[in-house]
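Peer 1: Got a structure for you, questions after.
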Amino acid sequence: MGDEEVEPPLSPEELQARVQEILTSTNHAKRRRPQFPAFPSGTSGFVRVRAVQKFVESFEYNYTGENFFDIKGVRENQTITRILDISRRVVAEALPIKCVEAVYLGIMLTMNTPSIVRVPLIFYSMIDGHRYGHIVLVVRVEGLYGAIGLSRRPDLMWKEPTHASMFDIISEFKKSYEKWNHTLLKIKLGPVLPHDGSGRISEAVEWSKFVLSVKGDKKWHKLEDAVSKYMREELRGVPSTPGNPRRGWAPVTVVQDLKRARQQSQANSPNTPSSPQKQPPRPSKTKASAKASKTPASSADGAATQTPAAASAPASANDESRTASAV
């Protein structure tokens, strides 16, 4: 074995040619392409983020130590537009990915869901003198925090949206790092990411907008105030999620469609007023009997035809609020 000749390493050009040869070869089995999740109208935020995580996990993890895609990771701030371009390439080529590409996919698949708040979360840790970096995409659904991501460790990626605050989910990741004997050195939080229709998608994402050093003997609970203050500032102006967190939520567009449909129905109905009217107080029996004896039959019929319409107006408004919370 000592006399065997060792083959020299391939040059970058030869390596690229070899990869291209493998990609274009017809002699190997066809790669399985991950399927995009489908979201019917009214799908809850919890169902959406679970489906996105399942899609991310359908990609193989890249154990090679090199990225298959031309990404800068979090070393350079990139625009949402470029992140989406890279994400489409990741899906098209279906090659193994790492945590950065997983976050990119999570961003792409939640772009059209404004009710899901997204914040990049970066960890730097150390074990046996080696420093490691990792990123996940924190998502807030109906006020509860979870995470989308990919890792070699199952508890360093997906987190169910059950945490009450950003600090709570950071603390949950800290426990996972301690389980694997990693010492956390630094934590970085990015901004609340924009969605489709925002002019900010052409702005660079500042991955390290908030940096928190956790090295040493600092009291962990004292860091909660700093994280809470940062999130309050970031969430300023972000609308609250409609619906009851325990019963699911109705996207804003669905609620608006329901309102428009009811308004159109009321406008087309000849017996229904365009705006709700207050029903006059019901007279006592003695007054009503006296009034009925003095009122001609034709006017009594007219009152009878108007009363159901007037009564149905406030009932329709109540039905609308019940439907919005139950959808």
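The values are calculated or read from the model by the stated rules, or taken from the named source; none is laboratory data. None of these values were measured; they are calculated from a predicted model. No Cβ is skipped: glycine too gets one built from the backbone with ideal geometry, and neighbour counts run over all protein chains shown. Only protein heavy atoms, including side chains, enter the accessible area calculation; ligands, DNA and RNA are left aside. Shrake-Rupley method; radii C 1.70, N 1.55, O 1.52, S 1.80 Å.
Peer 1: If amide hydrogens are placed 1.01 Å from N in the peptide plane, which non-local residues have theirs closer than 5 Å to the one on residue 79?
Peer 2: Result for residue 79 returns 205.
Peer 1: So, one more: Mind listing the phi-derived Karplus ³J(HN,Hα) values for the stretch 148-154, rounded to whole Hz, using 6.51, -1.76 and 1.60 with θ = phi - 60°, and x for any glycine or proline?
Peer 2: 10, x, 8, 7, 6, 9, x
Peer 1: Continuing with this model, one more query. In square angstrom, rounded to the nearest 10, how much accessible surface does residue 207 have for a 1.4 Å probe?
Peer 2: Surface accessible to solvent at residue 207 totals approximately 0 Å².
Peer 1: How much accessible area per residue does the stretch 39-103 have, counting only protein heavy atoms and a probe of 1.4 Å, in square angstrom?
Peer 2: Ligands and nucleic acids excluded, the result is 48 Å² per residue.
Peer 1: Also: Please give the peptides 112-125, 158-171, 223-236, 188-201 ranked by average Cβ packing (other Cβ atoms within 10 Å per residue), highest first, as a rough proxy for protection.
Peer 2: Top to bottom by mean Cβ count within 10 Å: 112-125, 158-171, 188-201, 223-236.
Peer 1: Tally up the carbon and sulfur contribution to the accessible surface of the stretch 39-122 as a whole percent, 1.4 Å probe, everything protein left in place.
Peer 2: With neighbouring chains kept in place, the figure for the stretch 39-122 is 51 percent.
Peer 1: List every residue whose amide H lies under 5 Å from the amide H of residue 144, counting only residues 5 or more places away in sequence or on a different chain, with H placed 1.01 Å from N in the peptide plane.
Peer 2: HN-HN under 5 Å from residue 144: empty list.
Peer 1: Once fully extended, how much extra length lies between residue 171 and residue 213, figured as 0.36 nm per residue of separation less the alpha-carbon to alpha-carbon distance?
Peer 2: Full-extension gain reported as 13.7 nm.
Peer 1: Also: Given a 1.4 Å probe, how much area per residue of the stretch 121-246 is accessible, in Å²?
Peer 2: Value for the stretch 121-246: 52 Å² per residue.
Peer 1: Another question about this same structure. Give me the distance between the Cα centres of the stretch 116-142 and the stretch 151-203, rounded to whole Å.
Peer 2: Answer, in whole Å: 4.
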